[in-house]
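The values are calculated or read from the model by the stated rules, or taken from the named source; none is laboratory data. Owing to the predicted nature of the structure, the values given are computational and were not obtained by experimental measurement. A quick note on method: Cβ atoms are made from the backbone with ideal geometry, for glycine too, and the neighbour counts reach across all protein chains shown.
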Amino acid sequence: MRILLVEDDAEVARFVKKGLQEAGHTVEHAANGRDGLFLAASEQFDLLVLDRMLPGGVDGVRLVETLRSQGNRTPVLFLSALSAVDERVKGLKAGGDDYLVKPFAFAELLARVEALGRRPSVDAPATKLRVADLELDLLSRTVTRAGKRIDVQPREFRLLEHLMRHAGQVVTRTMLLEKVWDYHFDPQTNVIDVHVSRLRQKLDKGFDRPLIHTVRNAGYMIRAEP
Amino acid sequence: MLRRGGHGSGQLRRRPAPGPALGPPRLLKSAGFRFALLFAAIFSCAAVALVAVLWWATAGALDRQTDVAIRSDAIALAERWREAGVTGLAEAIEDRLAVDVENEAIYLLTDAEGRRLAGNLDRWPAAAEEPGAWFRTRVLHDGVATEARLHRMELSDLRLLVGRDETERQQLRRLITEGVIWASGAVIVFALVGAWLLREALQRRMRPVFVTITAIAGGDLSSRVVLSGRGDEFDRLAATMNTMLDRIGTLMEGVRGVSDAIAHDLRTPIARARAKLEDALADAGEPASAEGAALRAAVEQGIADLDGITRIFQALLRIAEAEAGARRAAFAPLDLAPVLADAAEIYEAAAEARGQHLVTELPERLEMVGDRDLLLQAVANLLDNAIKFSPSGGTVQLSARATPDGVEVAVTDNGPGLSPEDRAHAGERFFRADKARATPGSGLGLSLVRAVAHLHAGELVLEDAMPGRACPGLRAVLRLPRP
């Protein structure tokens, strides 16, 4: 993916740029809002990663509002040191697609970047999701593996659906909490792990090949190959 | 280590009490009522003074006139006696009685033995035997008992009584008295009506101030007192108040700016430090030696510690946000029942993993107005605590019900519970009961629950789940009143 990073803090910018490049993305960097807006408006990017507070008169929110008013629909991920809920709401209202509060784990950023960059297409909604021999039917809301029906709870179904829609990508715990449960809160303990391991037991029981993998220090990923 | 933070102890006092009722204050506590009472008292005093003057000028004047007439009559008679002796005096009395067409005059002249020499009284009235010169008594006068004013005079061996029948004056006095009574009734009625009007007027003028202050206490700092435009004392008070509120608003903006700045200035270096550590970890690759592995473990621990700092920091900011009432703007009508069901569902798996049961007792619907994310966070903190402190095989119960006042959510566990002293401190920032030292946690969980309860004008109550037992358990009740 070709990503534009607008971040005034040189250290954080270097770290993010390096990490994204190592993950195989091309990264352009702008150190202030004005340069960022110029680059975003004049070149084609798959994703913008914006600091919420930027020097130079154009902050992250202004930048997105300007882009959106010009019809630019490039996905935007906000990085912000402002954690207040209304700041988050402001960022998303302005046209941001995701909001990540500093400090963050790089794995969390990467997972969100990849989820935003490869969003499932809305034009042709699939009715079935498949990963290896696991099949999830969105219409009948059933899960089968190698033709064998697996009973899952409604919430487990949504959890699995989210993992399968992002098959091959890392999905972090906070992303699951936000997307599957639709809450923004700090669960204190790793309650999500327990839900995933339950689902994993149901899916992998009696099969040699595990499908849900734990990615160390990051989250979970569903994929066919081990 | 951080047993009780510096902010902890003062926190209870600072918290705003649930807002005062907007209705009129209780009668005796109402300043309006007291002003009205004062008004009524002053009005009544003025009326009493007026009546007294009136009385003195009418009934009093009549009495004084009578006395003057009697006195001059008596002096004239005494003069007559000195000139013409007893016979002259008796004649003078008979003369006067003859010309007295109104039959008002009363005379009696007796000798030392009490024999009547002249006059129109049959005998000396008993009351006029008393010492003194002036009497008011009933006498038998022309066969009719009448009120009379009498003056006694001793003329050597003679005794003279001069008086006036006061029947008509008495009637006049009664008329005046009746008038005064009626007027007093009117005075009382006017005083009461005036007092009531005064109180109403005061209350009407105070209402905008009261409404504004209630709104401010509720967290809406943008509210200002509406001026009447009359430029009177109330307007001056309101204008001063608005100036004060503007100033507070500016200060609050400043504080918010500072906490934004702190958030930014603290998060950015933490982000840098975390980035450096993560970077170092990624560059190092798999460690070849034991030393390398130890270094790696230390770096990983450093990252975990930074995340811990961030979490505490985040929790403090959220508590501050809730306490400042800043989140009230985001309040929306919601059904709490599915939120609680979600919380139970999220934590049910965690309870099961620790060999505990999480049971729920939730109604179909629980309508209320509030902040969905914060309410879930509060219930999540309570459930997390309950699960953390319950023994394996224990039961954690999440129940909720609608009460006449609002909504009541309770989380009950059968863990060791809290001693009454600890209970008093639970909810203070960074407080951790001694029993909780061994379990991980920041001591901010209940603070946030309490802040969320206060944000919703409610309260958090901690009590023994099973009082009297060695292991009483804890029951945390979140009471959220209807707005």
For region B:132-143, indicate whether the set of residues that are in a strand (DSSP E or B), under 27 Å from B:L172 (Cβ atoms) and of a type in the set (K, R) is non-empty.
yes
Would you mind listing the helices (runs of 4 or more DSSP H) fully within region A:1-76 where at least 2 residues are among the polar types (S, T, N, Q) and out of contact with any Asp or Glu (no Cβ under 6 Å at 6 or more places or on another chain)?
A:60-69
For region B:99-131, which residues satisfy the criterion of being of a type in the set (A, V, I, L, M, F, W, C) and assigned to a loop (DSSP other than H, G, I, E, B)?
B:V101, B:A112, B:W124
Evaluate the following for B:R296: is it surrounded by 17 or more Cβ atoms within 10 Å (Cβ to Cβ), on the phi < 0 side of the Ramachandran plot and of a type in the set (K, R)?
no
Would you confirm whether or not region B:303-326 contains a residue that is of a type in the set (D, E) and buried (at least 18 other Cβ atoms within 10 Å of the Cβ)?
yes
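Residue-by-condition table, conditions (1) within 30 Å of B:T268 (Cβ to Cβ); (2) away from every other protein chain (no Cβ under 14 Å); (3) at pLDDT below 90:
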{"residue": "A:A94", "(1), (2), (3)": "yes, yes, yes"}
{"residue": "A:D98", "(1), (2), (3)": "yes, yes, no"}
{"residue": "A:L109", "(1), (2), (3)": "yes, no, no"}
{"residue": "A:S121", "(1), (2), (3)": "no, yes, yes"}
{"residue": "A:T127", "(1), (2), (3)": "no, yes, yes"}
{"residue": "A:D151", "(1), (2), (3)": "no, yes, no"}
{"residue": "A:E161", "(1), (2), (3)": "no, yes, no"}
{"residue": "A:Q169", "(1), (2), (3)": "yes, yes, yes"}
A:H195 fails exactly one of the following numbered conditions: (1) surrounded by fewer than 19 Cβ atoms within 10 Å (Cβ to Cβ); (2) within 11 Å of another protein chain (Cβ to nearest Cβ). What is the number of that condition?
(1)
Check A:D51 against each of (1) of a type in the set (D, E); (2) more than 17 Å from A:L92 (Cα to Cα); (3) touching a residue at least 40 places away in the same chain (Cβ under 8 Å) and name the one condition it does not meet.
(2)
Among strands (runs of 3 or more DSSP E) lying entirely in region A:79-169, which contain 3 or more residues that are in the same structural domain as A:D8 (by TED's automatic domain parsing) and within 19 Å of the chain's Cα centre (by Cα)?
A:98-101
Of the numbered conditions (1) surrounded by 16 or more Cβ atoms within 10 Å (Cβ to Cβ); (2) without any contact (Cβ under 8 Å) to a residue 24 or more places away in the chain, B:G285 fails exactly one; give the number of that condition.
(1)
Residue that is nearest to the other protein chains (Cβ to nearest Cβ), among those in region B:243-281 that are out of contact with any helix residue (DSSP H, G or I) (no Cβ under 6 Å at 6 or more places or on another chain) and crowded, with 18+ Cβ neighbours inside 10 Å:
B:R267
Residue in region B:379-402 that is farthest from B:A350 (Cα to Cα), counting only those that are small (G, A, S) and away from chain A (no Cβ under 14 Å):
B:A402
Taking A:A30 as the residue in question, decide whether it is surrounded by fewer than 17 Cβ atoms within 10 Å (Cβ to Cβ), touching a helix residue (DSSP H, G or I) at 6+ places or on another chain (Cβ under 7 Å) and assigned by TED's automatic domain parsing to the domain that holds A:K90.
no
Taking the condition of being in contact with a Phe, Trp or Tyr (Cβ under 9 Å, 6 or more places away or on another chain) and more than 17 Å from B:R80 (Cβ to Cβ), how many residues in region B:96-138 meet it?
7
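The rows are residues; the columns are (1) of a type in the set (F, W, Y); (2) away from every other protein chain (no Cβ under 14 Å); (3) within 26 Å of B:D260 (Cα to Cα).
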{"site": "A:F15", "(1), (2), (3)": "yes, no, yes"}
{"site": "A:H25", "(1), (2), (3)": "no, yes, no"}
{"site": "A:A30", "(1), (2), (3)": "no, yes, yes"}
{"site": "A:A40", "(1), (2), (3)": "no, yes, no"}
{"site": "A:Q44", "(1), (2), (3)": "no, yes, no"}
{"site": "A:L47", "(1), (2), (3)": "no, yes, no"}
{"site": "A:P55", "(1), (2), (3)": "no, no, yes"}
Go through the residues of region B:66-84 one by one and say whether even a single one is surrounded by fewer than 16 Cβ atoms within 10 Å (Cβ to Cβ), within 60 Å of the chain's Cα centre (by Cα) and in the same structural domain as B:L158 (by TED's automatic domain parsing).
yes
From the option list B:L109, B:L97, B:L172, B:L161, single residue qualifying as closer than 21 Å to B:T66 by Cβ, free of Cβ contacts under 8 Å to residues at least 24 places away in the same chain and of a type outside the set (G, A, S) is B:L97
Looking at B:I176, B:I188, B:I216, can you tell me which residue is within 30 Å of B:F135 (Cβ to Cβ), touching a Ser or Thr at 6+ places or on another chain (Cβ under 8 Å) and either modelled with pLDDT under 85 or surrounded by fewer than 18 Cβ atoms within 10 Å (Cβ to Cβ) (or both)?
B:I176
Whichever residue in region A:54-96 is free of Cβ contacts under 8 Å to residues at least 24 places away in the same chain and among the polar types (S, T, N, Q) and, among such residues, is surrounded by the most Cβ atoms within 10 Å (Cβ to Cβ):
A:S83
